[in-house]
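The values are calculated or read from the model by the stated rules, or taken from the named source; none is laboratory data. Note that the structure is predicted; figures quoted are calculated from it, not measured. Neighbour counts are summed over all protein chains in view; Cβ atoms, including those assigned to glycine, are modelled from backbone coordinates with ideal geometry. Accessible surface areas use protein heavy atoms only, side chains included; no ligands, DNA or RNA. Shrake-Rupley method; radii C 1.70, N 1.55, O 1.52, S 1.80 Å.
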Amino acid sequence: MYWSSEPGLRMDQIANVMSVNRFSEIKRYLHFTNNLSAPNLNYRYWKIRPVLEILHKTFHDCASPTENISIDEMMIPFKGKSHLKQYIQSKPKKWGFKIWVQANSNGYVNCFEPYQASTQDRSKYGPIGDSVLNLCHALHGKNHKLFMDNLFTSLPLIRQLRSLSIWVIGTVRMNRIGQIQTSLVPGKMLQRGSCTMATSKDNITVLRWIDKREVHMISLYAGAEPFDEILRYDKKEKTKIPITRPFCIQEYNKCMGGVNFMDRLISHYPHGFKNKKWYLRIFFQFLNISIVNSWILYIQSQNPPLSLLHFKASIATSLTQLNSTSDRLKKEDDLRIHHVPHPLQFY
């Protein structure tokens, strides 16, 4: 409707820069690699690979990871035909492409890797553990603190990360910690707000904390102390009551949500359109990530404060004005070249 003949629907800022036929042609023929060339079968996202490689390098070059970082999964919604899409029942958007993402606590995406299932030989860390190690390639020896949920954590992976001077806190599944769980007090014997803790011979701490249900944490540097108090709703009392919270739970809640924060920022002002081409859906998702990453860097600098909405609007305005200016200068150059002045006009 940007090109509508109705005055209330037409947007001159776009319609005067590009025609609707030009926009449709670009959308139809937009490709990022040559389809006639032999694809790299070891990389299933080969149609979008050039863009992903450029962004991966750019994200690393523009900012360094902060002390506290997190790794989580990001879903790119898509219901069309593609053997790459996944179904995750617990997600709000259940169908789409799964991306492993490493982000700062402020939401800035440092590194990412598309999920490709088990295309390679498995190591002792498993395919998900191998992806975590790939995402941490720029963190070796720098004493970063890494936060993950129970999808990623396992004892072999945590030991390997510790050898790289990466210190982990995360939730953990009890079937992944071996005999350490036998040293924990059973959850039925604990009251709400209480915890039990066990430490292995190589200083890996496992903690069980009782909230509405049992919460299991694994940590390389944080334990139960110092405790703090938080308010939780009690069904029997029908009011909020204070309960004790261990230190590793505090750290996890404070620093884990970087990827979810990026998802929330993208959802405020999404940029994209419905399309049956799966690689275009991924392209527009990473276009949104790039804009939000730029805005995060902008607000960290000494520039005047600017909201995300006005930041995106300023980018769009600059691009349309740049196009209009270049077209105008090109027309003026053409007039200078082809215009031959009459001799008498100088007198």
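Could you give the longest part of the chain that holds none of the GluC sites (Glu not before Pro) found in DSSP loops with at most 15 neighbouring Cβ atoms within 10 Å? Intermediate results must be reported in sequence, preceding the final value.
Values: sites that count: Glu67, Glu237.
Value returned for the longest uninterrupted segment is 68-236.
Proximity of backbone amide H atoms, modeled 1.01 Å from N, is registered between Ile177 and no other residue at under 5 Å, excluding neighbours fewer than 5 places apart on the same chain. Angle check, please: helix 126-135 long axis (alpha carbons) against the longest principal axis of the chain (alpha carbons), in degrees 0 to 90, nearest 10. Result, in degrees: 60.
If I take every Cα pair under 8 Å that is 6 or more residues apart in the chain, average their sequence separation and divide by the length, what percent do I get for the relative contact order?
Taking the mean separation of contacting Cα pairs over the length of the chain, I get 15 percent.
Extending 7 Å from Cα along the Cβ direction at Lys236 and again at Lys81 yields two label points whose distance is 5.9 nm.
Heavy-atom accessible surface of the chain, averaged per residue, reaches 60 Å², computed with a 1.4 Å probe. Could you check how many percent of all C-alpha pairs in region 117-237 are farther apart than 16 Å? So the pairs more than 16 Å apart make up 64 percent of the total in region 117-237. The phi torsions of region 260-276, fed into the Karplus equation with coefficients 6.51, -1.76 and 1.60 and a -60° offset, translate into couplings of 5, 5, 4, 4, 5, 5, 5, 5, 5, 9, x, 10, x, 8, 5, 7, 7 Hz, rounded to whole numbers, with Gly and Pro shown as x. For region 85-98, backbone phi angles converted through the Karplus equation (6.51, -1.76, 1.60; θ = phi - 60°) give residue-by-residue couplings of 6, 10, 10, 10, 5, 7, 8, x, 9, 6, 9, x, 9, 9 Hz, Gly and Pro being listed as x. Phi angles across region 228-240 convert, under the Karplus curve 6.51 cos²θ - 1.76 cosθ + 1.60 with θ = phi - 60°, into 3J(HN,Hα) values of 9, 10, 10, 9, 10, 6, 10, 5, 5, 7, 6, 7, 7 Hz, Gly and Pro given as x.
Between Glu67 and Thr33, the simple label model (points 7 Å from Cα in the Cβ direction) yields a spacing of 4.0 nm. Here Asp211 and Leu164 are evaluated by their C-beta separation; at R0 = 41 Å the FRET efficiency comes out at 0.80. The local environment of Leu135, defined by Cβ-Cβ distances under 13 Å, has a net charge of -4 under the rule Lys, Arg +1 and Asp, Glu -1.
The base-10 log of I(q)/I(0) for the chain, evaluated at q = 0.12, 0.13 Å⁻¹, reads -1.02, -1.14 [Debye formula, identical scatterers on Cα atoms, solvent excluded]. Sites listed here are chymotrypsin sites (Phe, Trp or Tyr not before Pro) in region 200-235 whose DSSP assignment is loop and whose Cβ has at most 14 other Cβ atoms within 10 Å: Tyr221, Phe227. Within region 144-182, the trypsin sites (Lys or Arg not before Pro) that combine a DSSP coil assignment with at most 15 other C-beta atoms in a 10 angstrom radius are Arg173. Here's how it looks for His144: its modeled amide H is under 5 Å from those of Trp167, which are all 5 or more places away or on a different chain. Centroid-to-centroid, using Cα positions, region 245-299 and region 143-157 are 20 Å apart.
If you put +1 on each Lys and Arg Cβ and -1 on each Asp and Glu Cβ, how big is the dipole of region 82-154 around its Cα centre, in Debye rounded to 20?
Working: 9 positive and 4 negative charges, 46 e Å.
So the magnitude is around 220 debye.
Overall, the accessible surface of the chain at a probe of 1.4 angstrom is composed of carbon and sulfur to the extent of 54 percent.
The long axis of helix 278-300 is offset from the longest Cα principal axis of the chain by roughly 80 degrees. Under 5 Å between amide hydrogens, built in the peptide plane, is the criterion, and for Cys111 it picks out Gln102 among residues at least 5 positions away or on other chains.
The lysines whose alpha-carbon is closer than 25 Å to the alpha-carbon of Lys276, local same-chain residues fewer than 8 away aside, are Lys27, Lys47, Lys79, Lys81, Lys85, Lys91, Lys93, Lys94, Lys98. Roughly speaking, what % of Cα-Cα pairs in region 6-144 are separated by over 28 Å, rounded to a whole number? Result for the distance tail: 37 percent.
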